[in-house]
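Reading through the structure tokens given below for one structure.
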Amino acid sequence: MSEADRLDALLQETRSFPPPAYVRTGAIASDPGIYRRADLDPEGFWSEMGTALHWMRPWDRVLQWDPPHAQWFVGGELNVAENCVDRHCVGPRRNKAAIIWEGEPGDQRVITYGQLQRDVARAANALRRLGITKGDRVAIYMGMVPELAVAMLACTRIGAVHTVIFGGFSAEALRERINDARCRLVITQDGAWRRGRVVPLKQNVEEALLGAPSVEHTLVYRRVGAAAPQVALRGEVDWDEALAHESAVCPPEPMQAEDMLYILYTSGTTGKPKGIVHTTGGYLVGVATTHRLVFDLHDSDVYWCAADIGWVTGHSYIVYGPLANGATTVIYEGTPDFPERDRHWRIIERYGVNIYYTAPTTIRTFMRWGPQEPAKADLSSLRILGSVGEPINPEAWIWYHENIGKGRCAVVDTWWQTETGMIMITPLPGLTTTKPGSATHPFPGVAAAVLDEAGNLVGPGAGGNLVLTRPWPAMMRTIFNDDERFVRQYWSRYPGKYLTGDGARVDADGYFWLLGRVDDVMNVAGHRLSTYEIESALVDHPAVAEAAVIGRHDDLKGQAVAAFVTLKESASGDMGAELKAHVAVKIGPIARPDDIFFTAELPKTRSGKIMRRLLRDIAERRVLGDTTTLADPNVVAMLKQQYDGVEE
Ligand code: PRX
């Protein structure tokens, strides 16, 4: 199906689902007036939401808005670790499970709020002993173990800024991020389990440190033991030994609401990843509020977000939102097909998970594996099903609703970004009538619009650029060390409005339908990648003269990476395999191109711009678009001819 056909089919979607009775009764957001109330007085709304946290000093002003720079809860002081851990330890939640963890080999741990408090305090004292103080940057490169959450919370306890780097990134990608943030410490582990094999995290750190002079120490958690390559790192300290020597008392550092909480690198439209900066007070208010209302969180719920903490979804909705709300959050270490394809359903059954949050690409994988897998387990505990990371096609939505939710659960398709920090467009499960494939409406207090090129609102059904028209508490504050890029990239296209980079339509009922990125950012299996970043990795190879990368449609992954490469004349051998491996080394296995196509020349306009639209047409085997502006139209015809001959 062509892109246009897919979009047409999407907009003809007429099925709708009122909130299931099972969810509506007792839902936390049950008054539809919440939208109007928040819209009339957004600052009043967020101020009310802010009171759910513990503040060491109350704020003087909810919002100071000097577009595009916002400050939220100005003058307020709080500590994130205290809010996520300590305050739950003074009442009946002290012995509640904060984290239920399952390792890939099958080991299990339940960590209560009381235990988490002691671990976080010990880890915070260990960081202090290594000389880390307020404002210092700490890189965290770990797998999905509870110690990753402990490490993040320990940083926030002493006011250090963490930057978590997804364990699927390579040594080079890790080094680039450590250097950009000038980290003094790296927290890592010997290795992580993935499909029964070891991801050699520590070895990658060793390689990354070769060119990372800012790092003074490394703190290493032992997870896989002898199964990992044995290496010694600069200033290495063992996690367990360090914590064993520390006191479980560590007063939380009072932080200004606008002090930096973390940096998270994400791909943009250039080759260099951007360090998205989130701050303390507004972020925590934003993620706690959305987590409570979007997932209809009740105190007895077991909540599981199956994302990786290395991405923003894990930051906001495995660690900070759930723990700020005193929830029980499940963390699973491995992949959904290990040892069998029913692993997720077994986990839901084992712990009685009530709320499950995953990505469309995973749902489509489950669809391919067949309904007999979830049918093996008892999924009757489920009440809310979430989706995030990419547009969910109506077919996958319906499959999720029927085969996982058994028609009883609310499905919440949540649209947001690393930059927004919190969920922005989403149903509220007890209030919203959902339409499969639509993220429905902006969250209360959030304002979104779809604009044409001239900045006018587009009418119902027409496509345009999705913008956010009002500041929100968890919004990114800047790009680390590059405020100019922040202003240019997000706020200059339509002054005073935040440009999301996504295309969208609003239907006649006011529902938002997300149509994917309109810039050079790809979304591959829920991972955000930049075309330029992969192009830079390719041209870094000595045999490559020129490269163009595009995201082509893929039924399973949403998008797949297609690379068009012009080789230097001297190149020989199996360059396809070599270049794929090269990209995996430069960025990580997640960026490995699916297709590499060699061409004597890339199609360019007369002004020398690569015509990506044409490359996409070729990669998706469509009729060619307009080639009249092409410098040499023969290039495309030749490319298409060659490419059509390649087996799928
Ligand atoms: O294109 C949108 C897509 O993911 C992008 C953000 O990617 P990232 O910063 O990695 O954050 C992913 C998790 C929040 C967006 O610009 N996206 C995310 N959620 C949805 C989505 N597209 C459609 N529907 C969604 N629910």
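Structure data summary
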read-out: Region 71-174 - charge dipole about Cα centre, Lys and Arg +1 at Cβ, Asp and Glu -1, debye rounded to 20; value: 460
read-out: Which of 224, 19, 248, positive extreme of dipole for the chain (C-beta unit charges); value: 248
read-out: Pairwise centroid distance, computed over Cα atoms, of region 555-610 with region 397-472, Å; value: 34
read-out: Charge context of residue 23, other residues only, Cβ under 11 angstrom, K/R +1, D/E -1; value: +2
read-out: Spin-label model distance (nm) - residue 594 vs residue 182, 7 Å beyond Cα toward Cβ; value: 4.1
read-out: Check: region 217-344 dipole with +1 on Lys, Arg Cβ and -1 on Asp, Glu Cβ, in debye; value: 460
read-out: Average Cα contact separation per residue, region 519-644, under 8 Å, 6 or more apart, as relative contact order %; value: 20
read-out: Electrostatic dipole magnitude of the chain [Cβ: Lys, Arg +1; Asp, Glu -1; Cα centre; debye, to 20]; value: 840
read-out: Aspartates and glutamates whose Cα lies under 15 Å from that of residue 96, excluding same-chain neighbours fewer than 8 positions away; value: 86, 299, 301
read-out: Extension gain from residue 638 to residue 572, taking 0.36 nm per residue of separation minus the Cα-Cα distance; value: 21.6 nm
read-out: Within region 1-108, trypsin sites (Lys or Arg not before Pro) in DSSP loop having at most 15 other beta-carbon neighbours inside 10 Å; value: 15
read-out: Whole-Å distance, taken between Cα centres, linking region 204-218 and region 37-68; value: 40
read-out: Förster radius 25 Å - calculated FRET efficiency between residue 485 and residue 539 (Cβ-Cβ, nearest 0.05); value: 0.70
read-out: Contact order normalised by residue count of the chain, Cα under 8 Å, 6+ apart, percent; value: 14
read-out: Positive-pole candidate from 548, 462, 420, dipole of the chain, charges at beta carbon; value: 420
read-out: Spacing of the two label points (7 Å from each Cα toward its C-beta) at residue 14 and residue 458, in nm; value: 2.3
read-out: Separation of alpha-carbon centers, region 139-186 and region 251-278, rounded to whole Å; value: 12
read-out: Residues residue 621 and residue 195, FRET efficiency given R0 of 41 Å [Cβ-Cβ distance, rounded to 0.05]; value: 0.80
read-out: Computed [θ] at 222 nm, helices only, for the chain once each DSSP H run of length n ≥ 4 contributes -39500 (n - 2.57); value: -8000 deg cm²/dmol
read-out: Inter-site label distance for residue 210 and residue 340 at 7 Å from Cα along Cβ, in nm; value: 4.4
read-out: Among the listed pairs 497/609; 272/586; 497/604; 604/640; 376/406, those beyond 22 Å (Cα-Cα); value: 497/609; 497/604
read-out: Calculated FRET efficiency for the pair residue 509/residue 31, C-beta based, R₀ 22 Å, to 0.05; value: 0.60
read-out: Percentage relative contact order, region 90-232, counting C-alpha pairs under 8 Å, at least six apart; value: 21
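Bear in mind that the values in this text are calculations on the coordinates, not laboratory data. These numbers come from a predicted model, not from an experiment. When we count neighbours, we look across all protein chains shown, and the Cβ atoms used for this are built from the backbone with ideal geometry, even at glycine.
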